[in-house]
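Chemist: Before I ask anything, here is the structure I am working with.
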There are 2 protein chains.
Amino acid sequence: MPTSTGRSSGVKPAAEALAIGRGAVRGEGLAQAVLGGDRRSLARLLTEVENATPVAEVAMRRLYPSAGRAHLVGITGAPGSGKSTLVAALTGVAREAGRTVAVIAVDPSSPITGGAILGDRVRMQGHAGDRGVFIRSMASRGHAGGLAATSVAAAAVLDAAGFDLILIETVGTGQSEVEVAAAADTTVVLEAPDMGDEVQAIKAGLLEVADFVVVNKGDRPGAARTASQLRAMLVAAAPRTGTPGRPRPKRPNVLITTAATGDGVPELLAALDRHRPSPSEPTGEPARVARATAQIRAVLEQRLQARLADSGHSEGTRHLVEAVANHEIDPYTAADRLLADLFETNRDTS
Amino acid sequence: MPTSTGRSSGVKPAAEALAIGRGAVRGEGLAQAVLGGDRRSLARLLTEVENATPVAEVAMRRLYPSAGRAHLVGITGAPGSGKSTLVAALTGVAREAGRTVAVIAVDPSSPITGGAILGDRVRMQGHAGDRGVFIRSMASRGHAGGLAATSVAAAAVLDAAGFDLILIETVGTGQSEVEVAAAADTTVVLEAPDMGDEVQAIKAGLLEVADFVVVNKGDRPGAARTASQLRAMLVAAAPRTGTPGRPRPKRPNVLITTAATGDGVPELLAALDRHRPSPSEPTGEPARVARATAQIRAVLEQRLQARLADSGHSEGTRHLVEAVANHEIDPYTAADRLLADLFETNRDTS
């Protein structure tokens with residue numbers, strides 16, 4: 001029987017060792033270039049991070065100590081609430097104040113190709129050519145450790161690259177997408193016009209993750225009334241002391257903007273700045289701890305999958321999956337057989 | 001130092017052993033009652049499945065061999081496309097044909113309480129009191145092994161309970177939510193009226209998972225034209241041979257229904273029936289293999305988390321998480337320390 005790579009204890013075949021060596025060199029090189037301000041390397045590294053490659057790991061290990069200084073702001077809301085326009089307007093105001101801005105736009109993606117569909121984000125083209133702005137579109141689909149973990153890792157790269165303000169924009173109608181915005185230091189929820197009870201329910205869920213609720217399209221009739229209603233609703237909800245073991249609902253501020261004209265946008269940026277966590281007291285800050293946990297868990301899942309794929313029993317795995325598909329064995333039995341095999345292999349070789 | 005349960009090799013404290021014993025008895029009892037047709041036990045077991053409890057595991061092991069006979073149909077579409085009305089209409093037609101129907105409705109949920117917001121699904125109340133119909137609302141949030149894995153496990157329970165047709169309804173605007181519908185044997189995508197480019201992009205992504213595209217609200221002007229446009233679009237997309245390693249895009253049929261009046265609904269049910277996979281040749285059927293894989297992975301993730309939580313180093317874990325949050329160490333180093341500790345513990349005690 002040929003020795004599988006999974007069972008050879010530490011002794012890697014030459015080709016594999018060479019590939020790993022190249023990945024390490026490339027990762028170090030990318031990290032160095034990103035710290036030096038090279039935008040093309042930054043774009044390349046973000047692709048590696050999206051694909052969770054060994055190159056990304058090497059670079060992230062190198063960059064991570066330089067991150068932790070940026071303010072991460074998540075912006076979410078139902079389709080049509082004007083998220084992209086607000087992101088473009090916030091970017092403009094922050095740039096006028098001399099700050100650098102990175103945008104991560106999580107877009108609905110093709111399940112077949114995995115690519116993001118909205119792509120180049122035409123509405124941000126006003127900032128094209130400005131070196132103080134970096135825009136990245138990210139597909140919502142196909143991230144091994146989860147969409148939130150991938151976008152948090154991408155934000156850490158942009159943070160290490162020196163951007164002051166990182167805006168993460170997602171549509172607020174999917175579970176994974178809401179988690180992305182909620183993982184930021186500060187979460188902004190945009191209000192959309194009423195689109196039926198399904199959207200109402202989505203809105204109610206969104207309000208609970210909001211640090212700020214923004215009624216956008218403030219030039220439309222009824223905007224002030226909507227803001228008043230939201231304030232009343234949030235005050236009514238506030239006396240709840242929360243379920244034990246769960247975070248207490250936040251008490252978000254309600255603001256009005258008209259992103260298309262810029263009205264209210266400087267006031268929103270000022271409010272965001274006041275909400276920014278103090279860098280002097282980061283320990284135990286809930287959003288940062290949650291982000292760290294998500295990242296560690298994503299790495300653990302990658303490691304588990306790599307070990308499973310690498311353990312020389314892919315034939316056996318296939319048989320187990322088919323047996324479960326045919327209801328000959330249950331998924332728990334199959335999982336336990338795989339795990340036993342994994343730990344057995346690990347004990348033999350370590 | 002007190003011996004932690006994680007390090008005691010096989011010898012469980014009496015209280016814990018008793019709890020496990022009770023869970024096993026309860027799981028066996030629930031499974032037995034579900035197979036016997038008890039609806040209250042079915043509802044209870046689905047709650048256990050949602051919470052991924054040991055009771056659910058015992059019951060699922062017992063029920064799994066009885067599953068694999070139902071036809072799982074996923075129904076998804078943008079908010080406002082009429083999913084719930086169509087599900088109610090399909091249920092009515094299937095009941096007239098003497099078939100039993102179970103509905104899993106995945107609803108947007110409160111991030112704080114974890115509960116589903118739409119709740120009792122008022123639109124399905126026409127079927128209340130019919131023992132041949134079972135309706136379950138499921139929160140979109142907070143499933144350890146992922147939303148798709150949880151809903152697939154719930155479908156397996158309903159399958160084992162003897163339902164002929166299982167309809168899984170989700171909103172088609174979130175990544176996890178689309179995966180739920182795509183995990184069924186047959187996936188139906190409902191078309192909604194145009195709501196801007198964001199929804200257009202969502203629609204394009206949805207079309208790729210569709211076995212059937214249904215233009216609902218067929219009594220509105222322009223429905224026939226929309227259907228023609230969709231057919232032309234799908235034919236134009238069809239010549240693609242697909243990316244290597246990815247499934248080839250499906251070539252879905254386009255149908256027109258008016259769920260509110262029932263027009264076209266019998267024809268849709270007949271089309272779904274023709275698409276049902278043959279029970280005589282299940283091996284390698286892609287949807288079933290994908291479901292089995294999702295379930296095994298969900299169990300593996302649960303096991304990994306349980307082992308981590310159980311390994312007596314929760315203090316150490318907390319320190320590692322805080323160090324990552326403060327950017328003192330990177331998530332890869334933290335994950336590898338946790339894993340090393342885990343395997344070490346496992347070797348000592350097994």
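The values are calculated or read from the model by the stated rules, or taken from the named source; none is laboratory data. All of these numbers come straight from a predicted model, not from anything done at the bench. Methodologically, a virtual Cβ is constructed for each residue, glycine included, from the backbone with ideal geometry; neighbour enumeration extends over all protein chains shown.
Chemist: Just to verify a result, which residue in the stretch B:57-106, among those that are in contact with a helix residue (DSSP H, G or I) (Cβ under 7 Å, 6 or more places away or on another chain) and charged (D, E, K, R), is nearest to B:Gln302 (Cα to Cα)?
Modeler: The residue in question is B:Glu57.
Chemist: Hey, another quick one. Could you grab me the full set of residues in the stretch A:158-187 that are out of contact with any strand residue (DSSP E or B) (no Cβ under 9 Å at 6 or more places or on another chain) and not in a helix (DSSP H, G or I)?
Modeler: Residue satisfying the conditions is A:Gly162 alone.
Residue by residue, here is whether (1) closer than 18 Å to B:Arg136 by Cβ; (2) modelled with pLDDT under 80 holds:
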{"position": "B:Ala156", "(1), (2)": "yes, no"}
{"position": "B:Ile168", "(1), (2)": "yes, no"}
{"position": "B:Ala181", "(1), (2)": "yes, no"}
{"position": "B:Ala184", "(1), (2)": "yes, no"}
{"position": "B:Thr187", "(1), (2)": "no, no"}
{"position": "B:Ala201", "(1), (2)": "no, yes"}
{"position": "B:Leu206", "(1), (2)": "no, yes"}
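Chemist: Let me ask something else. Tell me which residues, restricted to the stretch B:58-83, are buried (at least 21 other Cβ atoms within 10 Å of the Cβ) and in a helix (DSSP H, G or I).
Modeler: Within the stretch B:58-83, B:Val58, B:Ala59, B:Met60, B:Leu63, B:Tyr64, B:Lys83 qualify.
Chemist: What's the total number of residues in the stretch B:130-144 that are at pLDDT 75 or above and either among the polar types (S, T, N, Q) or more than 21 Å from B:Gly37 (Cβ to Cβ) (or both)? Before the answer, list the steps.
Modeler: Within the stretch B:130-144, the subset at pLDDT 75 or above is B:130-140.
Checking the rest, the ones that are also either among the polar types (S, T, N, Q) or more than 21 Å from B:Gly37 (Cβ to Cβ) (or both) come to B:137-140.
So the count comes out to 4.
Chemist: Take the conditions in a helix (DSSP H, G or I) and modelled with pLDDT of 95 or more and apply them to B:Ala31. Does it pass? Talk me through it step by step, then tell me what you get.
Modeler: Working: in a helix (DSSP H, G or I): yes; modelled with pLDDT of 95 or more: yes.
Criteria met by B:Ala31.
Chemist: Residues B:Arg246, B:Arg288, B:Arg231: which one is modelled with pLDDT under 75, out of contact with any Asp or Glu (no Cβ under 6 Å at 6 or more places or on another chain) and within 25 Å of B:Gly205 (Cα to Cα)? Working first, answer last.
Modeler: Values: B:Arg288 fails: modelled with pLDDT under 75; B:Arg231 fails: modelled with pLDDT under 75.
The match here is B:Arg246.
Chemist: Something else now. Quick check, is B:Ser8 among the hydroxyl-bearing types (Ser, Thr, Tyr), out of contact with any Gly (no Cβ under 6 Å at 6 or more places or on another chain) and modelled with pLDDT under 70? Let's see the steps before the verdict.
Modeler: Details: among the hydroxyl-bearing types (Ser, Thr, Tyr): yes; out of contact with any Gly (no Cβ under 6 Å at 6 or more places or on another chain): yes; modelled with pLDDT under 70: yes.
Yes.
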